[in-house]
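Novice: One structure, as structure tokens, below. Some questions next.
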């Protein structure tokens, strides 16, 4: 049946749109076709792991909505692949910068925690907040950029800055600034289908639905592959159309080393 976006809650719509803005519709169309091929072969094996026939039908409906909108006919596939690769590279380097800066925060916090100075203890509380709020961004470039800004702000606080200066603080601030800008530029450079803002928003929501369903299908496939002892099953659900193909020891997406539940305004798995 046709995909009806009017039934989405405001939070779900906003979450899907935020996810979809990061991907070209040609890429999501290709991923939907790949995942649907996997479901045609292994869909029954995923049911016991949460991904049911209705989820596959919703993915089909979203794929068909892209086709109806003309995706795949007039887009420059090469440009989209370049943009997608640039965004993936920015996410990978941004997460590396976040990890290094968080290490600076952790060691600075330890030094401040040992001091009786009230300013030091207040700074410890600020660092705890910054560390708690920057442990995961998934594949959301905007959220990751905001996390880098939050860490940079914590490092700029005078008491923290003084303690962090010999611990790599100034270099971390510089890297956080440059990587946040790189992430936002890469996200903004994502090629979209020409059209009105309303048309672009509509496609972004559909893209977000497809990306989320493809991710969830992959999660279910991973669980099924382990339970059934069929590791080859997972290959049909890799997100190779959204991310670079997996290499030895690295799955086909930019990993986030410190998992955390998704924010309440985002669809689960987004």
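Novice: Considering 39, 3, 46, which residue is modelled with pLDDT under 90 and more than 27 Å from residue 145 (Cβ to Cβ)?
Specialist: The conditions single out 3.
Novice: Another question about this same structure. In the stretch 183-210, how many are modelled with pLDDT of 85 or more and either touching a strand residue (DSSP E or B) at 6+ places or on another chain (Cβ under 7 Å) or surrounded by fewer than 20 Cβ atoms within 10 Å (Cβ to Cβ) (or both)?
Specialist: Within the stretch 183-210, residues that are modelled with pLDDT of 85 or more and either touching a strand residue (DSSP E or B) at 6+ places or on another chain (Cβ under 7 Å) or surrounded by fewer than 20 Cβ atoms within 10 Å (Cβ to Cβ) (or both) number 2.
Novice: Is it true that residue 71 is at pLDDT below 90, in contact with a helix residue (DSSP H, G or I) (Cβ under 8 Å, 6 or more places away or on another chain) and part of a helix (DSSP H, G or I)?
Specialist: Against the criterion (at pLDDT below 90, in contact with a helix residue (DSSP H, G or I) (Cβ under 8 Å, 6 or more places away or on another chain) and part of a helix (DSSP H, G or I)), residue 71 does not qualify.
Novice: Identify all residues within the stretch 83-102 that are surrounded by 14 or more Cβ atoms within 10 Å (Cβ to Cβ) and either modelled with pLDDT under 85 or part of a loop (DSSP other than H, G, I, E, B) (or both); write none if there are none.
Specialist: Passing the criteria: 83, 84, 86, 87, 88.
The values are calculated or read from the model by the stated rules, or taken from the named source; none is laboratory data. Worth saying up front: this structure is predicted, and the values here are computed from it rather than measured. Please note: Cβ atoms are built from the backbone with ideal geometry, for glycine as well, and neighbour counts cover all protein chains shown.
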